[in-house]
Every structure is written in structure tokens, then in C-alpha cells.
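The values are calculated or read from the model by the stated rules, or taken from the named source; none is laboratory data. All figures in this text were calculated on a predicted structure; none of them were measured in a lab. We place every Cβ from the backbone using ideal geometry, glycine too, and count neighbours over all the protein chains shown. Protein only, heavy atoms only, side chains kept; ligands, DNA and RNA dropped before computing areas. Shrake-Rupley method; radii C 1.70, N 1.55, O 1.52, S 1.80 Å.
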Amino acid sequence: MIKQAMERRGLIDALLAGDGFADIVLRGGQVVNTLTREIYPADVAIKGSRILMAGDARELVGPDTTVVDVEGMTISPGFIDSHMHFESSMLTVTEFSRLSIPSGTTTLIADPHEIGNALGPAGMKAMADEAGQVPNHVRLVVPALVPDCPALETAGADVSSGDMEDLLGYPNIVGIGELQGFSLARHVYQNTPEIVTDLVASTTYASSTGRVVDGNAPGLSGAELAAHIIAAGGRTSCHETTTKAECMEKLRQGVHVFMREGSTQKNMAECVRAVTEEGMDSRRCILATDDMLAGDLKTLGHMNEIIRRTIRQGVAPAEAIQMATSNPAAYFGLRDRGAIVPGAAADLAIISDLEEMRVEAVFLAGRLAAYRGELLLRLPPYRYPEEVRHSVKRGAVREEELAIHASGAEAVGRCIVAIPDQNLTETREVPLRVSRGQVQCDVSRDVLYMAVVERYGRRGGIGKCFVSGLGIQNGAIAESVAHDTHNIVAAGSSLRDLTAAVNRVIELGGGLAVARDGRILGELRLPVGGLITDELTGEEVAARMEQLERLVREQLGGTLHAPFMHLSFLALSTSPKWKLTDWGLVDVEAFRILEPVV
């Protein structure tokens, strides 16, 4: 507190003493005012890590002031990703930051429920520790419940209201993340009412201590949406909104709609129609990625790319930038971020092309951090402690364990249908041949085997069904990234390859594997919770993932882009319609387990 007071006094002295000057003045550019939604000519003066003022800064230029000519460029507050998961990129906080800072993202609000499902509080605290080591502003919002559906799946650890005081008091943790445990509001209320009581205890404690509580309300409307909002404490968000009508209702009910636009889930264009077509106030509309692949960060950019796409949907540049700066700053209570105002953190993106959102330079805390796509700061590799490794605790599986059995010559198999760029699914019931008591998949109709294998040694269950939409013709893929409990999920055209891929992931101690003809074609080890690698750089992970995806396309015949990320969401038990967990095939809308054959 004393340090902060002295810093403020120093800023005042620089402005009023007559002989005080700025350290840096950005001169001749256009400033994005995210509070008034204007863009106009102004200088930006910086002292230490803070903004002195935006306006005519000629009197603040002294003999030691660095004057940077930004004529023809636009100065914006650094961008904020309001809802994301480091685990989905398979990168450490450090490596994700290394890739995202050069494109203007200076603040990350991460939900560590992936590592929380795998490792519990120990995993989330380990990630919070790393968050304190990077130069950008990284904060975590933790799950109030793990697993999300205790009656339908097995996680590596359990988290409940009893853990909240400890977690919310830990450094770099600022609130409760997506409230997935109450996504299926009516079913949870009717079938597991004790979960509602526990969640309300957690959110009430969080609200009483001034913490934020994120919601998760896919498809909820009317009374169910109202119940979800109340459970979250009345002021909440939702990143699972997929239609204009849904977005409009949530905005009218006070929900901050995180318009998601990630690597495989793209909902912004539909949601933003509430603004562009219906003229709704956009102050509660916030851009977020949720899940980003390392390759997309490297080639496309991060929040600058999402802002660019939003502008392409007819949103004015200042308003689109507002959705990734001052809007999330207001929601999260980030008083010194999101706007270029006196005393705010000097986290800035210098944009050379506003329509294309091309970022020329990035300042972090008043220092030039990146220039023309190159990070200028040194970020040492981060190594996670041993207690968050070795999360795979089961032995190899046999082909027989992954088979689906039925009597007779034919059976009707239940089949999950993957939807490109969504975590929602459709459903199919398909007549399939039975041979020697085992139901056979049918590649000719794009019907593959699918399995989820419990990996933590707690229950040992294996869920089985069929899946279509991946397009694989010959071979199998498997991974220990399977939202949200992150057991081993696999899909393929033969039990032999399915078994080979699953067993390779077990041998790796977590990771990804591609198999064909009984042998492994490619793999990626993820030693931290079976979700993250601290052994490779972001560029190396991007290259390895590109190689694995190419193998799926060229050797297995897969047709779905980002197949591993799409496959991982086929285990998300809170998102309609059918999903697969280690307990079996989940009818999400009915909150029950289905047999894999009718």
C-alpha cells in the first residue's frame, strides 16, 4: 500500500511540479477511448508503469523523455481474454504468454478447471504460482465443483465448498470460474439437490468477499436461467451462448455474455447480432476465446484476431475493442486496466492497421514488450513440481474391454454426432452388424468406435459408444485431454488401433497418440496433469500439433479440422445432447446414462 501511494504521488509530481516529466511519450497517434467509444488524436504519456495522461503531452517532454512517433497508428488499451484455459493450448502460462503478448493481449483471466479436475487444489495452486511469474497480468477463477456431474463421471480429485476459503485466499486467484455444475439447472435441482446447496454456499462466500463468479448456462431460458443467475450470486457471465435470441435474453437478465470465438467453438458472429441487428447495448458483451490452439496463436494471433472478426460482423472498431478491454475490466473489477486514463497500467497495443487489427508494438507496464510480432522480453521456461505430474494411474487396456457387445446378427448403435466448431452434438441411432458378440463400427457410414477410459485409478470404468463426424477411415486417435474430467478419450475405425492409441497415452503418462495398423504414427507427451507440456516451447507444440493433425488427415483420412480438440469436447457431460464419460453414454438433456446399443 505504501509503494502504491508513493507511485501515485510521483505521478502527481510529474504532472504538476513544473519540472517533472514523462518517461515515454507516444506522439502523433490516434487514441481509442474505450469509455466513450471514440477514436481521436492524442498523445499518451507514461511514467514508470503507469499512464500519466492522454492528450497534449508536449509539456511533459523533458531531456530524458523518450518520444516515440506513432503517427498513422492507433493506441489501444492492451487486450483482455476474459475466459480461457491454458490447458486447451497444452502450454504453460509462460509459453501461452510468449505467443499471445506480441499480438496485443496483456491480460488473461484463466479458468483452471481442467487441471483442477485432474489434480484438484494442488494443480490449481501450481498454475496460480506460475501466473505470478509472467510479465503480463494473469489471474485465475477456480471451479466451485469438481467433477461437474458427480453422478455421471469420475475426476482425478473432488472440489466443493469446503475448498473455497483456501483457494480464494491463494495468490493470483480472483474468483469462481464457470458454474458448470449448475448448467443443467432443472436436472441438477431434481436429481442432485445437494449440489445446488453446495454451489450456493461457494458462490455466497465468493460474493461476500468481493470475488467474481462466472456462470455457464448453455440453452437456459426462463426460470432455469433465472435460477442459474441467482445461484451465481446475481452478477454473472455466460460463455456458452450460441444464438441471437439466447444472447438477447441473457443481456436483458443482466448476464455478461462472453461471446466465444476460439479455435473450434465460434459463437461470436451469432451472438453479436443482438447488437448489430437489434441495437442492444453492448457494454455487457465481452469477447473471449475459451480454447485456443498453439498453432492458431502463432499464425492468427489472439484477441486482435477476435476483434478483427467482430469488426467484420459490422461492429465499429472502437466498440469491438471496447468488448475486449473496458467491458471485461468493468466486469472483473480491474480498475487500472481496460482504458487509457490517468493512473491506469501502461499496458498498450499500438495498431498499424485498425481494420485488420495488425499490432505493431506492445507495452507492458510501461516497457516495450513486443515489436512487429517479436517478443522483446526474456521469459525463462517454467518447470512444474513433481506433485502435479504422473496423473495417469491405470494399467493397459485390452481390446475386449473396449468392445461393445450385443446378441444376434444386428444391433442398433447409439452414435454421438460431432458438430464442427461447436461443443454441442447431435445424435444418431444406426443399424450395425454384430460379429461374435461384438458390435462392429461402419466406416462406410462414418460410424467409428469411441471410448472414454478412467485414468486416475479411482473407479476403473470405461464408457463406450459410437461416433460420427470425425471422418476417420483407417486408424484411431486418443488423448488425455477430455473435457472436463480429462479421462482418456479415443475414437477409431478398429478396436486394435483404438487399444494401441489408448495404451500409448497411458505409457506416456498423458498426452496424444495417433495409431494405424496396430502401430503408433505420432504422439505428444503431456506430463503436467496429462494436459500440459513444460518440455516444449509454444512454437514446438504448434509444430507437433500440426504434424499430428496432418497424420490424422493424410494417414487416417480424417476430415474434421482440429480433430483432437473436437474429440476432447465429446466428453463434456454438461453440454447437450449426447456425451461420453467413463460412466457411459450421457443423455445430457435427460441427465441419465444410456446403453451404447438400443
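General observations
- Among the conditions (1) out of contact with any Asp or Glu (no Cβ under 7 Å at 6 or more places or on another chain); (2) farther than 30 Å from residue 317 by Cβ; (3) not aliphatic (A, V, I, L, M), residue 355 misses just one, which is (2).
- Flag for residue 560 being touching a Gly at 6+ places or on another chain (Cβ under 8 Å) and either closer than 14 Å to residue 293 by Cα or aliphatic (A, V, I, L, M) (or both): yes
- Residue 535 in a helix (DSSP H, G or I), under 24 Å from residue 99 (Cβ atoms) and under 24 Å from the mean Cα position of the chain (by Cα): no
- All conditions in (1) under 24 Å from the mean Cα position of the chain (by Cα); (2) open to solvent by 20 Å² or more (accessible area, probe 1.4 Å); (3) of a type outside the set (Asp, Glu) hold for residue 368, with the sole exception of (1).
- You will find that of 588, 552, the residue that is farther than 29 Å from residue 241 by Cβ, in contact with a Pro (Cβ under 6 Å, 6 or more places away or on another chain) and not small (Gly, Ala, Ser) is 552 and no other.
- Of the residues screened, residue 299 is not one that is β-branched (Val, Ile, Thr) and closer than 14 Å to residue 267 by Cβ.
- Failed item in (1) modelled with pLDDT of 95 or more; (2) out of contact with any Leu (no Cβ under 7 Å at 6 or more places or on another chain); (3) not in a strand (DSSP E or B), with residue 427 passing the rest: (3)
- Among residues of region 3-48, those that are polar (S, T, N, Q) and open to solvent by 90 Å² or more (accessible area, probe 1.4 Å), counted: 1
- Subset tally (residues that are of a type outside the set (A, V, I, L, M, F, W, C), farther than 30 Å from residue 457 by Cβ and surrounded by fewer than 20 Cβ atoms within 10 Å (Cβ to Cβ)) for region 529-545: 3
- Checking each residue in region 372-399 for being of a type in the set (Gly, Ala, Ser) and buried (at least 16 other Cβ atoms within 10 Å of the Cβ) picks out only 391.
- Residue in region 344-355 that is closer than 30 Å to residue 257 by Cα, at pLDDT 95 or above, open to solvent by 10 Å² or more (accessible area, probe 1.4 Å) and hydroxyl-bearing (Ser, Thr, Tyr) present: yes
- Test set (1) under 20 Å from residue 268 (Cα atoms); (2) crowded, with 24+ Cβ neighbours inside 10 Å; (3) over 17 Å from the mean Cα position of the chain (by Cα) - residue 314 fails condition number: (2)
- Output for region 61-89, where each listed residue is touching a Leu at 6+ places or on another chain (Cβ under 6 Å) and open to solvent by 10 Å² or more (accessible area, probe 1.4 Å): 68, 74
- Meets criteria (in contact with a strand residue (DSSP E or B) (Cβ under 8 Å, 6 or more places away or on another chain), surrounded by fewer than 24 Cβ atoms within 10 Å (Cβ to Cβ) and not hydroxyl-bearing (Ser, Thr, Tyr)) for residue 489: no
- Helices (runs of 4 or more DSSP H) lying entirely in region 165-253 (those with 1 or more residues that are open to solvent by less than 60 Å² (accessible area, probe 1.4 Å) and modelled with pLDDT of 95 or more): 193-208, 222-231, 244-252
- Residue within region 400-414 that is open to solvent by 50 Å² or more (accessible area, probe 1.4 Å), under 23 Å from residue 485 (Cβ atoms), charged (D, E, K, R) and at pLDDT 95 or above present: yes
- Scanning region 505-531 for residues that are assigned to a loop (DSSP other than H, G, I, E, B) and small (Gly, Ala, Ser) gives 509, 510, 518, 529, 530.
- Qualifying helices (runs of 4 or more DSSP H) (wholly inside region 300-366; at least 2 residues being of a type in the set (S, T, N, Q)): 303-312, 326-332
- Single residue of region 255-299 satisfying the filter (without any contact (Cβ under 8 Å) to a residue 40 or more places away in the chain, in a loop (DSSP other than H, G, I, E, B) and among the acidic types (Asp, Glu)) that is nearest to residue 325 (Cα to Cα): 281
- The one condition in (1) modelled with pLDDT of 95 or more; (2) in contact with a Gly (Cβ under 8 Å, 6 or more places away or on another chain); (3) crowded, with 24+ Cβ neighbours inside 10 Å that residue 320 fails to fulfil: (2)
- Flag if residue 548 is touching a helix residue (DSSP H, G or I) at 6+ places or on another chain (Cβ under 6 Å) and either in contact (Cβ under 8 Å) with a residue 24 or more places away in the chain or open to solvent by 10 Å² or more (accessible area, probe 1.4 Å) (or both): no
- Odd one out for residue 457, checked against (1) of a type outside the set (Asp, Glu); (2) open to solvent by 40 Å² or more (accessible area, probe 1.4 Å); (3) touching a helix residue (DSSP H, G or I) at 6+ places or on another chain (Cβ under 8 Å); (4) part of a loop (DSSP other than H, G, I, E, B): (3)
- Restricting region 460-486 to residues that are open to solvent by less than 10 Å² (accessible area, probe 1.4 Å) and charged (D, E, K, R) leaves a set whose member that is nearest to residue 559 (Cα to Cα) is 479.
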